[in-house]
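Notes for the one structure printed next.
The values are calculated or read from the model by the stated rules, or taken from the named source; none is laboratory data. Because the structure is predicted, anything quoted here is derived from the model rather than measured. In this analysis, Cβ positions are derived from the backbone assuming ideal geometry, glycine residues included, and neighbour counts consider all displayed protein chains. Surface areas here come from the heavy atoms of the whole protein model, side chains and all, with no ligands, DNA or RNA. Shrake-Rupley method; radii C 1.70, N 1.55, O 1.52, S 1.80 Å.
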Amino acid sequence: MARTSLPARERSLLPTDEPLSLLTRTGEPVADPVLDMPGDDVLLELHRKMVVGRRFDTQATALTRQGRLAVYPSSRGQEACEVGAVLALREQDWLFPTYRDSVALVTRGVPAGETLTLLQGGWHLGYDPYEHRVGPQCTPLATNTLHAVGLAQAASLKGEDTVALVLVGDGATSEGDTHEALNFAGVWKAPVVFLVQNNGYAISVPMSKQNAAPSLAHKGVGYGVPSVLVDGNDPAAVYAVVRDAVRTAADGGGPTLIEALTYRVEAHTNADDATRYRDADEVAAWLDRDPVDRIEAYLTSKGLLDDARRAAVTAEAEAFAASVRDVMNTDVEVDPAELFAHVYAEPTRQLQEQAAMLAEELA
Ligand SMILES: Cc1ncc(C[n+]2csc(CCOP(=O)(O)OP(=O)(O)O)c2C)c(N)n1
């Protein structure tokens with residue numbers, strides 16, 4: 001059905017045909033009729049946090065090779081989403097990330113060592129969710145969508161000014177949880193923002209094998225949730241659409257579904273061989289759309305980023321990577337019996353039996 005022949009209400013929920021963008025791939029500004037270019041201070045902060053985030057990402061990948069991290073899902077290439085979305089949150093808002101979103105956590109201020117505890121296998125969760133207003137990094141796909149809607153609705157019932165931002169991948173939108181979460185977010189007009197980082201693949205499964213809709217953002221219409229399609233490699237645009245969606249939610253306007261078109265440059269995790277399901281030309285084409293290069297080009301052409309500032313940001317990123325190495329190179333004392341703690345308030349008989357078996361094996 002042609003867009004123009006749809007009833008006005010449905011049309012208003014649909015995304016634009018082309019992804020929204022504020023910067024071309026070579027960093028020239030694009031005038032958008034709806035989105036405002038973020039201010040210079042925000043753009044400089046986006047750049048700083050993206051450079052630091054990328055360095056953190058390469059450091060974490062290196063730690064897997066040194067046996068210091070069990071597994072690491074890189075978000076290289078997705079920094080515009082990881083950083084743009086988090087900087088658009090207010091202090092009182094909550095973030096619900098996945099395993100891929102360590103850079104988002106670090107951007108939110110969770111200490112790197114605490115962020116990486118889960119992936120190191122040191123402890124169930126290395127940080128206090130309440131301290132940073134960051135839910136546990138979830139590894140079961142899409143469970144965080146339900147947590148986000150639940151928290152957002154509870155906050156709304158309590159009269160609190162809190163918005164929940166949930167990050168998911170394209171693959172997670174095929175899970176029932178995402179549909180249940182979108183449905184009730186729409187019914188309740190819960191203050192929640194769904195950001196789908198569509199990086200093209202669910203491990204080796206390409207988008208074409210799991211989605212028949214024109215875009216993932218089109219799915220919002222069925223739930224009465226307005227949807228936005230954005231260039232996910234454009235940090236200015238991602239920041240602007242998430243900030244607008246957070247404002248709408250905070251003002252009582254309900255949820256927004258945002259699909260950000262991006263690409264995972266590295267393999268799914270260090271345990272995956274991406275050359276088995278995608279070719280080098282495809283990766284090269286996306287490297288050409290690099291989000292860090294894009295904002296650097298814009299800031300440099302505007303005279304906001306000079307060699308001195310670039311060097312200072314690089315030095316900050318290097319110092320941060322060194323601090324991550326220091327934390328991760330320190331051996332942690334882990335008591336295997338703690339694996340069973342905090343699973344249930346009252347441990348079940350099965351858990352008690354398993355704990356006893358483990359204790360016997362280790363004795
Ligand atoms: C409920 C559930 N089913 C299956 C898996 C196995 N699994 C782990 S990652 C993944 C693909 C996820 O792809 P996507 O949501 O696009 O996120 P990305 O890894 O690309 O960021 C799958 C199927 C899982 N973790 N949880």
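Residues of the range 67-103 being open to solvent by 40 Å² or more (accessible area, probe 1.4 Å), at pLDDT 95 or above and more than 16 Å from the ligand (Cβ to nearest atom), which ones?
Selection gives LEU87, ARG90, GLU91, GLN92.
Out of the residues in the range 104-144 meeting the condition of being part of a helix (DSSP H, G or I) and more than 21 Å from VAL343 (Cα to Cα), tell me which one is most open to solvent (accessible area, probe 1.4 Å).
ARG108
Failed condition for VAL265, given (1) over 30 Å from ALA245 (Cα atoms); (2) of a type outside the set (Ser, Thr, Tyr); (3) surrounded by 12 or more Cβ atoms within 10 Å (Cβ to Cβ), with all others met?
Result: VAL265 passes all but (1).
If the requirement is being in contact (Cβ under 8 Å) with a residue 24 or more places away in the chain, among the hydrophobic types (A, V, I, L, M, F, W, C) and open to solvent by less than 20 Å² (accessible area, probe 1.4 Å), which of these qualifies: MET50, MET37?
Values: MET37 fails: open to solvent by less than 20 Å² (accessible area, probe 1.4 Å).
So the residue among MET50, MET37 that is in contact (Cβ under 8 Å) with a residue 24 or more places away in the chain, among the hydrophobic types (A, V, I, L, M, F, W, C) and open to solvent by less than 20 Å² (accessible area, probe 1.4 Å) is MET50.
Take the conditions of a type in the set (A, V, I, L, M, F, W, C) and farther than 20 Å from ASP170 by Cα and apply them to ALA267. Does it pass?
Taking the combined requirement at face value, the residue does not satisfy it.
Of all the residues that make up the range 291-309, how many are open to solvent by 70 Å² or more (accessible area, probe 1.4 Å) and among the basic types (Lys, Arg)?
Residues meeting the conditions: 2.
If we scan the range 40-47, do we find a residue that is without any contact (Cβ under 8 Å) to a residue 12 or more places away in the chain, open to solvent by 50 Å² or more (accessible area, probe 1.4 Å) and not hydroxyl-bearing (Ser, Thr, Tyr)?
Yes, the range 40-47 has at least one match.
Tell me whether the range 232-245 contains one or more residues that are within 16 Å of the ligand (Cβ to nearest atom), open to solvent by 10 Å² or more (accessible area, probe 1.4 Å) and not aliphatic (A, V, I, L, M).
Of the residues in the range 232-245, the ones within 16 Å of the ligand (Cβ to nearest atom) are 232-233, 238.
So of that shortlist, the ones also open to solvent by 10 Å² or more (accessible area, probe 1.4 Å) come out as none.
Among the residues of the range 232-245, not one is within 16 Å of the ligand (Cβ to nearest atom), open to solvent by 10 Å² or more (accessible area, probe 1.4 Å) and not aliphatic (A, V, I, L, M), which makes the answer no.
For the range 166-215: of the residues being among the aliphatic types (A, V, I, L, M) and open to solvent by 10 Å² or more (accessible area, probe 1.4 Å), which is farthest from the ligand (Cβ to nearest atom)? Walk me through it before giving the result.
In the first step, residues of the range 166-215 are kept if they are among the aliphatic types (A, V, I, L, M); the result is 166-168, 172, 181-182, 185, 187, 190, 192-193, 195-196, 202-203, 205, 207, 212-213.
Imposing the further condition that a residue be open to solvent by 10 Å² or more (accessible area, probe 1.4 Å) reduces the set to 187, 202-203, 205, 207, 212-213.
Details: VAL187: 24, ALA202: 3, ILE203: 5, VAL205: 7, MET207: 9, ALA212: 16, ALA213: 15 Å.
It comes out as VAL187.
Quick one: what pairs do we get from the range 59-74, first residue more than 14 Å from VAL265 (Cβ to Cβ) and of a type in the set (S, T, N, Q), second open to solvent by less than 60 Å² (accessible area, probe 1.4 Å) and in a loop (DSSP other than H, G, I, E, B), C-beta under 9 Å, 6+ apart or different chains?
These pairs meet every condition: THR64/VAL71; THR64/TYR72; THR64/THR269.
Somewhere in the range 272-290, is a residue open to solvent by less than 30 Å² (accessible area, probe 1.4 Å), more than 15 Å from LEU182 (Cβ to Cβ) and away from the ligand (no atom under 16 Å from the Cβ)?
Yes - at least one qualifying residue is present in the range 272-290.
Limited to the range 145-155, what total is found for residues that are small (Gly, Ala, Ser), surrounded by fewer than 21 Cβ atoms within 10 Å (Cβ to Cβ) and in contact with a helix residue (DSSP H, G or I) (Cβ under 8 Å, 6 or more places away or on another chain)?
0
Among the candidates GLU10, GLU18, which residue alone is of a type outside the set (Gly, Ala, Ser), open to solvent by 60 Å² or more (accessible area, probe 1.4 Å) and in a loop (DSSP other than H, G, I, E, B)?
GLU18
LEU89: closer than 23 Å to VAL163 by Cα and outside any helix (DSSP H, G or I), yes or no?
The answer is yes for LEU89.
If GLY159 passes every condition in (1) within 13 Å of the ligand (Cβ to nearest atom); (2) without any contact (Cβ under 8 Å) to a residue 60 or more places away in the chain but one, which one does it miss?
If we test GLY159 against (1) within 13 Å of the ligand (Cβ to nearest atom); (2) without any contact (Cβ under 8 Å) to a residue 60 or more places away in the chain, just (1) comes out false.
Taking the condition of being assigned to a strand (DSSP E or B) and among the hydroxyl-bearing types (Ser, Thr, Tyr), how many residues in the range 179-208 meet it?
Summing the residues that are assigned to a strand (DSSP E or B) and among the hydroxyl-bearing types (Ser, Thr, Tyr) in the range 179-208 gives 1.
Could you tell me how many of the residues in the range 139-156 are within 16 Å of the ligand (Cβ to nearest atom) and among the hydrophobic types (A, V, I, L, M, F, W, C)?
4
For the structure I just gave you, tell me whether ARG55 is of a type in the set (D, E, K, R), outside any strand (DSSP E or B) and surrounded by 15 or more Cβ atoms within 10 Å (Cβ to Cβ). Talk me through it step by step, then tell me what you get.
Values: of a type in the set (D, E, K, R): yes; outside any strand (DSSP E or B): yes; surrounded by 15 or more Cβ atoms within 10 Å (Cβ to Cβ): yes.
Criteria met by ARG55.
Of all the helices (runs of 4 or more DSSP H) wholly in the range 216-319, which have at least 3 residues that are touching a residue at least 60 places away in the same chain (Cβ under 8 Å) and within 22 Å of GLU79 (Cβ to Cβ)?
Helices (runs of 4 or more DSSP H) meeting the threshold: 235-250, 291-301.
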